[in-house]
Amino acid sequence: MDINEIKNLPDRIPTDTLISMFQNILFQFRNNEIEKDSFLLILSQLTDRQVMTYELLKSDIRNDIDITLSKLWNIDSYDDVDIILSIVVNLGLEVCFNKIKESLEPYKEVDKLILEEIKETIDEIGDNISNPYYSLGKFK
């Protein structure tokens with residue numbers, strides 16, 4: 001599975017197909033069949049399609065992604081921060097979100113642009129990280 005294949009997928013994909021694709025990309029990454037940057041790009045593309053289902057991703061896969069991204073969290077790279085924040089917010093990844101908040105501790109030196117991106121995301125999400133569809137409830 002490569003990024004071009006994923007980019008060419010339709011915006012809406014059946015949930016079972018998405019689950020299989022998430023599992024596949026996690027497997028490839030764990031087995032060093034795919035580099036981190038490609039993994040994050042593909043994960044981001046799959047996340048965009050997951051959002052279109054208006055359903056939470058199955059908890060076991062979501063937890064697997066959560067733990068994997070927690071290990072990859074890196075405040076030294078704006079690109080990593082940007083893409084991981086997007087995935088965390090859109091999939092409702094609590095473990096990684098807490099790690100992100102901890103990365104703001106005052107003893108850490110963080111690039112100003114990265115710091116602003118993280119703070120803005122935390123402020124936007126508040127206490128609703130576990131339900132990425134929380135704001136849609138306002139429209140019911």
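The values are calculated or read from the model by the stated rules, or taken from the named source; none is laboratory data. Nothing here was measured: the structure is a model prediction, and the numbers come from that model. Neighbour counts run over all protein chains shown; Cβ positions are idealised from the backbone, glycine included. Calculation scope for accessible area: heavy atoms of the full protein, side chains included, ligands and nucleic acids excluded. Shrake-Rupley method; radii C 1.70, N 1.55, O 1.52, S 1.80 Å.
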Region 61-90, residues that are basic (Lys, Arg) and either open to solvent by less than 30 Å² (accessible area, probe 1.4 Å) or touching a residue at least 24 places away in the same chain (Cβ under 8 Å) (or both): ARG62
Residue within region 91-112 that is open to solvent by less than 30 Å² (accessible area, probe 1.4 Å) and either of a type in the set (Phe, Trp, Tyr) or out of contact with any Leu (no Cβ under 9 Å at 6 or more places or on another chain) (or both) present: yes
Yes/no for SER77 being of a type in the set (Gly, Ala, Ser) and modelled with pLDDT under 95: yes
Matching residues, region 10-38, being open to solvent by 40 Å² or more (accessible area, probe 1.4 Å), in contact with a helix residue (DSSP H, G or I) (Cβ under 9 Å, 6 or more places away or on another chain), under 20 Å from ARG62 (Cβ atoms) and assigned to a loop (DSSP other than H, G, I, E, B): ARG12
Subset of region 113-132 (residues that are open to solvent by 70 Å² or more (accessible area, probe 1.4 Å) and in a helix (DSSP H, G or I)): LEU113, GLU116, LYS119, GLU120, ASP123, GLU124
Members of region 93-108 found to be over 24 Å from ARG49 (Cα atoms), among the charged types (D, E, K, R) and modelled with pLDDT of 75 or more, listed by number: LYS99, LYS101, GLU102
Single condition LYS101 does not satisfy, out of (1) closer than 15 Å to ILE129 by Cβ; (2) in contact (Cβ under 8 Å) with a residue 24 or more places away in the chain: (2)
